[in-house]
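Working notes, beginning with the structure itself.
The values are calculated or read from the model by the stated rules, or taken from the named source; none is laboratory data. Computed from a prediction, not measured in an experiment: that's the story for all the values here. With ideal geometry, Cβ positions are generated from the backbone for all residues, glycine too; neighbour counts draw on all protein chains shown.
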Amino acid sequence: MRAWRNELRGTGGKTFAVVILAGSRVSTDRFCQGITAINTLALRARLAGASEVLVVADSPRIAKSFRHLNVSLVSPSKGLATSIRAGISGLRSAPDAVVLCLCDQHRISSGHLLDLASAVLEPGGPAMAASAYDGVLGVPAAFRADQFSRLLELEGNVGARAIIREAGADLVELPFEGGNDRLALKPAISWTVPFELLEPALKAYREFRPSRAPPAFSRSISG
C-alpha cells in the first residue's frame, strides 16, 4: 500500500523518512500542547507516505508519550547538531531520503513534506530541497541518502541550514508560507526574578508588617 502511494504521488516507489526535531522546544508547562503538535506532524508525515517517523527529544516524558513512534533522546545542552545526528543515526530503516522538520512549525502540511521528498527522489533531481520563507532557506528540508554523511558531520549549534547554504545548484527551493509562524511551546516571558530585585520589597514588607494583630481583630477573637 505504501509503495503504491509513493508511486502515485511521485516518489517513484522510493522511501523517505521524516525526522521531527523537538529537542528542548517543549517546556514542562506547555507539555500537552507540545505532544499535540508532535502527534499532528507525525500524522501528516504518515499521510504524506513516510516509511518511518522519528522524534528527537530531550525529555523521557516525550519518549513515553510516543511509544508508537521511533524516539531518540538527546542531551538538551549539546546543540542542534546533536539532534540532527541522533535523528539520522536513529533511523531503523534505510530510506532513500529524509525530511528534517521542527515540531513547532505547525504550518507544515502533508503535501509540503511530500513535495520536498519527491524533489530529491526524482531521477536526476537535486540532492537537497529546502523551504523558502521570509527571505531564508531552511527546514523543513529534504536530503537524499548520499547527503546523510554530511548531516552526521555537523557539530555544536550548527543546523542543516549550513549545508543548505553550500548546496549551490544541488538544491531546489520550495515556497513555504508561514515558515516562521511557530507555536509557543515555551513561555514567551520568564517569571524568574533575581533576588537582588526582590530584596528591597521584602525589606519594606518586613518593616510594614505589624508585630501583633490589630485591636479590632483581637477583640473579635476574644469577644
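Observations on the model:
- Hits in the stretch 23-69 (condition: among the acidic types (Asp, Glu) and modelled with pLDDT under 80): ASP29
- Members of the stretch 38-63 found to be charged (D, E, K, R) and part of a loop (DSSP other than H, G, I, E, B), listed by number: ASP58
- Being at pLDDT 95 or above, surrounded by 23 or more Cβ atoms within 10 Å (Cβ to Cβ) and not in a loop (DSSP other than H, G, I, E, B) is a property that does not hold for VAL172.
- Qualifying positions in the stretch 51-103 - among the hydroxyl-bearing types (Ser, Thr, Tyr), out of contact with any Gly (no Cβ under 7 Å at 6 or more places or on another chain) and surrounded by 18 or more Cβ atoms within 10 Å (Cβ to Cβ): SER51, SER59, SER65, THR82
- Pairs with Cβ under 6 Å, 6+ apart, first in the stretch 166-179 and touching a residue at least 40 places away in the same chain (Cβ under 8 Å), second outside any strand (DSSP E or B) and crowded, with 18+ Cβ neighbours inside 10 Å: ASP170/PRO126; ASP170/ALA127; LEU171/PRO126; VAL172/ALA119; VAL172/PRO126; LEU174/ASP115
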